[in-house]
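Everything on this sheet refers to the single structure shown next.
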Amino acid sequence: MGLTLTEKILKAHIVDGEFKKGTEIGIRIDQTLTQDATGTMAYLEFEAMGIPRVKTERSVAYIDHNTLQNGFENADDHRFIGSIAKKHGIYFSRPGNGICHQVHLERFGVPGKTLIGSDSHTPTGGGLGMIAIGAGGLDVAVAMGGGAYYITYPKVVKVELVGSLRPWVAAKDVILEVLRRLSVKGGVGKVMEYVGEGVKTLSVPERATITNMGAELGATTSIFPSDETTLEFLKAQGREDAYTPLAADADAVYDEEITIDLSTLAPMAACPHSPDNVKSVTELGQMNIDQVCIGSCTNSSLADMMKVAHILRGKTVAPNVSLSIAPGSKQVLNMLAENGALADMIAAGARVLESACGPCIGMGQSPNSGGISLRTFNRNFLGRSGTKDAQVYLVSPEVAALSAINGYLSDPTTLGDMPEFKMPEKFLINDNMIELPADENDADKVEILRGPNIKPFPETFPLEDNISCKVSLKVEDNITTDHIMPAGAKILPLRSNIPEISKHCFTVCDENFPARAKELGKSVIIGGANYGQGSSREHAALAPLYLGVKAVITKSFARIHAANLINAGIMPLTFVNPDDYDKVKEGDDICLENVFDAVEKGEMRMTVGGEKIALACAFTERQIDILKAGGLLPYTKQN
């Protein structure tokens, strides 16, 4: 029986566990990446381990999230990350060099390698044939120190692409179709592996768009084969020596299969407030809009930008629309400036932003109150844009650009013939904004620069055998990490300061939660299905840790967040009977007894109002040891 591409790469990297579906495996990590919103904490954690130099083949620290420097906090964090990178053997991508996933694809990604990053959209690397996985910062720190990264051996879903996209239909529409079919929970515990003749029709940036937004499925990752198209991309980046041909065996066996005929797809949009709330642009009609934002790690490649510039050329942005464009990297921005496309954007009235995440994470460009915003981003969660009552739709760059000109949601297939947008034979290569680490012999001379906003990793606590406390909060299904730990220009600068950022924990749902949890001293949170979907930010676990949360009890968890809770020493527990969710309310007294025995057996009993409710706790031996130690950091120190 042949192997899938996913199985081939995982099998070559397993260092702990069995090659068996559903079991926990530890894999060797070749590369890591961090970004500045999660990186400061990751590097504080790495420092705490006492390891002098990273042990990966390549680790890169990017500055792309907190680039709006309104106060000293972000600038201080950038200096801290730059200095620690130089000291410990990490490449440093300076502010302005671009979005981590776009730059990593261009300059560092290698087919067949493993990559984890402290950002949930790290699966972008799957467009190059990598096993690239989003993870919490502490997991990344352990990997930098040479430790294995642990996942449940995933199911592999065969996504067969047939045919080719019609003119003005985009790779964004492919992943929106997958989300429409499978939902934001459809990829949990799975890897989406793209195969078929249709794959050959997609460029590497188009493949990366699909793997990037595969994160919204809840998937472990997504991957494309490494083929002649991959070689052409790497050659154009001057990195053809990184190429390895990789594909699934002809007789590979998959756990699930779906087929997508690319020729039948039409321009689509994810409607508020979820990436899987997908309808066709035609179905939505000529809806008036207020704002268009083009960019993000999903759609900011040179090819995307060239299509946008073509649509804007000689036109003017509608008077009712604000259009912003953020090229994904300095390379892309430079090439747009050289070939005249940037001038077309500026002439049309676009507001050109720096090469960074920007409005995708609520860092500026918030829509007007009640505004309708079209964005080429990957998430449209409630309030993520910075305007709570905004209506955000996720669309392709082609839809976005034409809509900005017309002033209403528009179908680009009405444009007729589409020029051929070829990948360049040679990209403009200038790595002058990537700082190399100090030589190992000179590392002791490097001073770590710390600002006053950088606070230590919060205190963790070993698992208790009996937990009696109150329910401090009860929330519904599909709670995202944006609900738990909001992003945006006001809060992101506090990512280095857990005591301060914890004051904003869950305030989207209940503005009194932080004060209530702090006053209780010890509590549990009750949640619905798919709790913790979205970003990999470990702050969504560290802030509850600081506020005294001992367990989170839900109908089900998103993968990364459940791992982050364990890493923080917080138990993620699930109702054996989901209907029991209705039996618990905020303010209830609960009791968890004989916890040590319960976690070994995989089932726990919670007493609420005299009734006993069964909870599942399917932890591995390693996870139990982590919880007993009080989290991954003390566990790593002990081992």
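FYI, it's all coordinate maths here, none of it is from the lab. Please read these numbers as outputs of a predicted model, since none were measured by experiment. No Cβ is skipped: glycine too gets one built from the backbone with ideal geometry, and neighbour counts run over all protein chains shown.
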Problem - DSSP-loop chymotrypsin sites (Phe, Trp or Tyr not before Pro) across the range 403-490, with at most 15 other Cβ within 10 angstrom - result: F421
Problem - Average Cα contact separation per residue, the chain, under 8 Å, 6 or more apart, as relative contact order % - result: 15
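Which of rounded, prolate, oblate describes the range 5-264, given a ≥ b ≥ c as roots of the alpha-carbon gyration tensor eigenvalues and a/c under 1.5 marking rounded, otherwise prolate only if a/b is larger than b/c? Mind dumping the intermediate values first?
Details: a/c = 1.81, a/b = 1.45, b/c = 1.25.
Because a/c hits 1.5 or more and a/b exceeds b/c, the range 5-264 counts as prolate.
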Handout entry: Estimated FRET transfer efficiency (I624, K585; beta-carbon r; R0 30 Å; 0.05)
Key = 0.50
Practice task
Take the alpha-carbon centre of the range 1-33, take the same for the range 598-612, and report the distance between them in whole Å.
Solution key: 34
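Which of the residue pairs K86/K637; K185/K279; K555/K585; K235/K422; K474/K522; K200/K422 have a Cα-Cα distance greater than 20 Å in the structure shown?
On the way: K86/K637 23 Å; K185/K279 18 Å; K555/K585 14 Å; K235/K422 14 Å; K474/K522 15 Å; K200/K422 14 Å.
From K86/K637; K185/K279; K555/K585; K235/K422; K474/K522; K200/K422, over 20 Å: K86/K637.
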Problem - Alpha carbon centroid spacing (whole Å) that separates the range 302-340 from the range 98-171 - result: 26
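Can you say what percent of the DSSP beta bridges in the range 467-638, counting only those with both residues inside, are antiparallel? Round to 5.
50
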Handout entry: Radius 10 Å from Cβ of G126, net charge of other residues (Lys, Arg +1; Asp, Glu -1)
Key = 0
Problem - 3J(HN,Hα) from dihedral phi, the range 457-473, Karplus parametrisation 6.51/-1.76/1.60, rounded to Hz, x for glycine, proline - result: 4, x, 5, 10, 9, x, 4, 9, 6, 9, 10, 10, 6, 9, 7, 8, 6
Handout entry: Gain on full stretching of the segment that runs from L428 to N594 - 0.36 nm per residue minus C-alpha separation
Key = 53.6 nm
Completion exercise
Counting only DSSP beta bridges with both partners in the chain, the antiparallel fraction in percent, to the nearest 5, comes to 35
Exercise for the section: For M268, list long-range residues whose amide hydrogen, built 1.01 Å from N in the peptide plane, is under 5 Å from its own amide hydrogen. Expected result: V281, S396
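So what is the 222 nm mean residue ellipticity for the chain from helices alone, if each DSSP H run of at least 4 adds -39500 (n - 2.57) and you divide by all residues, rounding to the nearest 500 deg cm²/dmol?
On the way: 21 runs with 186 residues, N = 639.
Using -39500 (n - 2.57) per qualifying helix, the result is -8000 deg cm²/dmol.
Just the number: Rg to Rh for the range 268-411, Cα atoms, Kirkwood Rh, two decimals. Walk me through the intermediate numbers first.
Working: Rg = 13.7 Å, Rh = 14.6 Å.
That ratio is 0.94, to two decimals.
Fewest to most neighbouring Cβ within 10 Å: what's the order for K490, K185, K86? All intermediate terms of the calculation are to be shown ahead of the outcome.
Working: K490 12, K185 16, K86 22.
Fewest-to-most ranking of K490, K185, K86: K490, K185, K86.
Take the alpha carbon gyration tensor of the range 344-471, find the square roots of its eigenvalues, order them as a ≥ b ≥ c, and report rounded if a/c is under 1.5; if not, report prolate when a/b exceeds b/c, else oblate.
Numbers: a/c = 2.66, a/b = 1.36, b/c = 1.96.
In terms of gyration-tensor shape, oblate.
Taking the Cα centre of the range 5-264 as the origin, how large is its charge dipole in debye, to the nearest 20, when only Lys and Arg (+1) and Asp and Glu (-1) carry charge on their Cβ atoms? Please list the in-between numbers first.
Values: 26 positive and 34 negative charges, 76 e Å.
About 360 debye.
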Exercise for the section: Neighbouring Cβ atoms within 10 Å as the yardstick, rank E73, E447, E197, E57 fewest first. Expected result: E447, E197, E57, E73
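Could you compute the net charge surrounding E7? Neighbours are other residues with a C-beta less than 10 Å from the C-beta of E7; K and R count +1, D and E count -1.
+1
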Fill in the blank from the handout: Final fewest-first order of R375, R313 on the 10 Å Cβ neighbour count is R313, R375
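Taking the Cα centre of the chain as the origin, how large is its charge dipole in debye, to the nearest 20, when only Lys and Arg (+1) and Asp and Glu (-1) carry charge on their Cβ atoms?
Numbers: 61 positive and 78 negative charges, 157 e Å.
Here the chain has a charge dipole of around 760 debye.
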Completion exercise
Sequence order, the range 242-249: Karplus ³J(HN,Hα) from phi using 6.51 cos²θ - 1.76 cosθ + 1.60, θ = phi - 60°, Hz rounded, Gly and Pro as x, gives 7, 6, 9, x, 9, 7, 5, 5
Completion exercise
Note to self: C-alpha centroids of the range 395-438 and the range 219-233 sit apart, in Å, by 20
Completion exercise
Taking a ≥ b ≥ c as the square roots of the eigenvalues of the Cα gyration tensor, with a/c under 1.5 meaning rounded and otherwise prolate when a/b exceeds b/c and oblate if not, the range 1-142 is prolate
